[in-house]
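Worksheet: one structure, shown below.
The values are calculated or read from the model by the stated rules, or taken from the named source; none is laboratory data. No experiment lies behind these values; they were computed from the predicted model shown. For neighbour counting, all protein chains shown are included, and Cβ atoms are generated from backbone atoms with ideal geometry for every residue, glycine included. What goes into the accessible areas is simple: the full protein's heavy atoms, side chains included, and nothing from ligands, DNA or RNA. Shrake-Rupley method; radii C 1.70, N 1.55, O 1.52, S 1.80 Å.
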Amino acid sequence: MVRELSAAVGVEIGSSRATIAIISADGQVWERFEARTLRGRPARATLEPYLRAIDAALQRATGAGYALRGIGLALPGKLDQTYRRPFLIPLLPSLNHFPLSDLLETRYHLPVRLHSDVDAAALGEYAFGAARSRRRALLLTVQAVVGAALISDGQPEPTARDCTGHVCHLPVANNGPRCSCGRRGCISTLVSLEALQRLIQRAARRGEPSSLIQRLSNREQFSAQLLAEEAARGDGLALALYQEVGHWLGVAAAHYVRHFAPEVVVVGNGLLNADELLLSHLRHSLLSQSGGPPTVEESQRVQALSIVPAYLGRDAALIGSAVPFLAPVPASQAEGALPAPPSQQPSALAGGGGPAREELAAAQRRDVRSYRYPPTSDDLSRSLAERPLLPGPHLPDDLGPAAPPHPRLNPRRLHGRDR
């Protein structure tokens, strides 16, 4: 009897491109495709390149004998899970309140799940990565801003919505730069690309000797790799940036530990590499949050809390978007060390994690297929006409009043609110 190969399609939408991948049941990226992100376009034109790439992925998976279970999407913003559509996507405002799940299910006859990108990344780490075998896991991502997701028994924690999400608005300081939410001292204003740039500019104005400043003045691009290199060489400014980010992440982690008791804190790479230097500053800051010398009990609790770098690297959200459709992890595999990927197929997830895993993932990302078709078909309008939207219950309180039908929405009123 031939064993059926099951898989799902994962979609991660980014600022310049989207990655569409066939994800096998054990969380491996079997093949990936890319499509351009068209900004400033209406919904139909925005979605067209993504749909073409999904078409190609489905055709490829079917031809290879995979039984497809569903399509998962990781989106950079807030979602309306009641109506299963994007709620606030600053990057692509034309998708705000667009009936995306209905469209995809009508077009492909497969179940569809939408996730915020940070929730998808947390699901990926929970199912196949650094948080495997843990009941409660916290993921902190440090990109242009800080994102946070709390996973409990395989699902995002609903009681943590006010301090998690694509942009984390957890207050960690009594003052500081004003946040887009109207408050001061949110973690995303203190740990962000803008915040790090301010620190670098202040150091430059003071005339501090720094090879990091010298390299930036020579038009090198600001990146996590650049900071890591200078920190390894002992540059004072680069070390100070690691300390600053580690301090505020520790303050944030202390809040989550007190209120939600996660068993593991997973730190994703982004502005800074989630290496031992950053994690050591985070642990030290977490211990110091008691307001005085930590007691033996507090020290033991922090020591028992696992603080680890993300295992899936840049593929965490891509893989996590497909997790609801993939086979559950067997208990025999969930304990102990992370499993090695199967040797039968080359995969971006091969290797034991860390730099080796990232290097292999980067190598496969270079071998992708691009589908960048012009928006010439009428599939979107036809599929929506075939499946009219049905009225539903009112939206959750944190999403505000019920959304008007998409054609009547003025996206300018929502654009940029969470930047």
Check your understanding: Computed over the Cα atoms, what is the radius of gyration of region 123-205 divided by 2.2 N^0.38 Å, N being its residue count?
Key -> 1.28
Exercise for review: Could you state the accessible area per residue of region 225-264 in Å², with a 1.4 Å probe and every protein chain left in place?
Suggested key: 39 Å²
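If you roll a 1.4 Å probe over region 182-251 with all protein chains in place, what percent of the accessible area is carbon or sulfur?
47 percent
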Practice item. State in Å² the accessible area per residue of region 88-190; use a 1.4 Å probe, count heavy atoms of protein chains only, and round to the nearest integer. Key: 33 Å²
Check your understanding: How far is it, in nm, from the label point at His284 to the one at Glu263 when both lie 7 Å from their Cα along the line to the Cβ?
Key -> 3.0 nm
**Study point:** Rounded percent of accessible protein surface that carbon and sulfur make up, region 15-86, 1.4 Å probe
**Key:** 43 percent
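Let me check I've understood the local charge: for Arg135, count other residues with C-beta under 10 angstrom from its C-beta, Lys and Arg +1, Asp and Glu -1. What total comes out? Display every interim value, and only then the final one.
Numbers: positive: Arg134, Arg136; negative: Asp153, Glu263.
Every neighbour counted, the sum reads 0.
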Review point. Taking the highest mean first, how do the peptides 91-97, 277-283 order by number of other beta carbon atoms within 10 angstrom per residue?
Key: 91-97, 277-283
Review point. Sorted by accessible area with a 1.4 angstrom probe, largest first, how do Arg233, Arg183, Arg198 fall?
Key: Arg233, Arg183, Arg198
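Where does the charge balance sit around Val323 when Lys and Arg score +1, Asp and Glu -1, over other residues with C-beta under 14 Å from its C-beta?
Around Val323, the charge tally is -4.
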